[in-house]
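First the structure, in the form of structure tokens, and then the observations on it.
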Amino acid sequence: MSEEETKEKMSETTKLAIAIVGAILVGFALVGLNNQQSTEQKESSAMVRNYFNLQTMATEACPKAIKDATGEQVYFPSATESDKDSYITLKWVGENKAGFKKASCTIKSVMGGISELIIDDKAIIQRKSK
């Protein structure tokens, strides 16, 4: 191979390498620009995460607290109340005649954990926010 052919092939190889690196950089730039969220999107995502965390905490803590207080295992609440921001209340209707008739468990996000547990109109747990 002559020296001229070698220079020509190297310059083509260099051009190809530069084009590949350029395409990769453009790809990274496009992905980076698409991942930027507006303030509204961030707030909406935070609200969804907060509600999910409240619901998860309630479905884990409340049935355990009811079982500890009554000895009766509960699974699915008969009703749910929430403002989807600061609190969630799960309500159950007792299935056994010997067990409880109704139970209500409230979790407030500012308190962390059960803030109110009422079984048959008797307050088992009642914590006030500070």
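The values are calculated or read from the model by the stated rules, or taken from the named source; none is laboratory data. Predicted model only: the values in this text are computed from it and were never measured. Methodologically, a virtual Cβ is constructed for each residue, glycine included, from the backbone with ideal geometry; neighbour enumeration extends over all protein chains shown. These accessible areas exclude ligands, DNA and RNA; they are computed on the full protein's heavy atoms, side chains included. Shrake-Rupley method; radii C 1.70, N 1.55, O 1.52, S 1.80 Å.
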Discussion item. Condition first: of a type in the set (K, R), part of a loop (DSSP other than H, G, I, E, B) and either open to solvent by less than 80 Å² (accessible area, probe 1.4 Å) or at positive phi (or both). Can you find one or more residues in the range 79-99 that meet it?
Written reply: yes
Fill in: Filter pass, E5 being modelled with pLDDT of 80 or more and in a helix (DSSP H, G or I)
no
Worksheet item: Which pairs have Cβ atoms under 6 Å, sit 6 or more apart or on different chains, and link a residue in the range 111-128 that is of a type in the set (D, E) to one that is open to solvent by less than 50 Å² (accessible area, probe 1.4 Å)?
Response: E116/T106; D120/F100
Discussion item. Between E43, E60, E12, which is in a helix (DSSP H, G or I), open to solvent by 100 Å² or more (accessible area, probe 1.4 Å) and either modelled with pLDDT of 90 or more or among the small types (G, A, S) (or both)?
Written reply: E60
Worksheet item: With respect to K108, is the statement that it is at positive phi, touching a Leu at 6+ places or on another chain (Cβ under 9 Å) and modelled with pLDDT under 95 true?
Response: no
Practice prompt. Report the residue count in the range 100-130 for those that are part of a strand (DSSP E or B) and open to solvent by 100 Å² or more (accessible area, probe 1.4 Å).
Written response: 3
